[in-house]
1. Which of (1) open to solvent by less than 80 Å² (accessible area, probe 1.4 Å); (2) at pLDDT below 90 does L44 not meet, given it meets every other one?
2. Give just the number: which of (1) over 15 Å from the mean Cα position of the chain (by Cα); (2) at pLDDT 80 or above; (3) open to solvent by 80 Å² or more (accessible area, probe 1.4 Å) does A22 not satisfy?
Amino acid sequence: MPAYCASKGAVVNLTRQLAWDAPADPVALHAELVHANPAPHEALLVLPGPTGDVAVVSASPERFLAWRG
């Protein structure tokens, strides 16, 4: 039996990935998402990548990342 089946608790993360060829403004997308779907743990991460910036836009009822320090 897999370890996750034998445990007393489990966490399931349902995510949706969106990608398209046209340039997108992650800041504007985040603002629209927060306006349309207010959530206690919304986030915007814009990270430099080798072929351009990579963005993560999130509006979640649960925290997926915590940063301390």
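The values are calculated or read from the model by the stated rules, or taken from the named source; none is laboratory data. This is a predicted model, so every value here is computed, not measured. With ligands, DNA and RNA removed, areas are computed over all heavy atoms of the protein, side chains included. Shrake-Rupley method; radii C 1.70, N 1.55, O 1.52, S 1.80 Å.
1. Just one mismatch for L44, condition (2).
2. It fails just one condition, (3).
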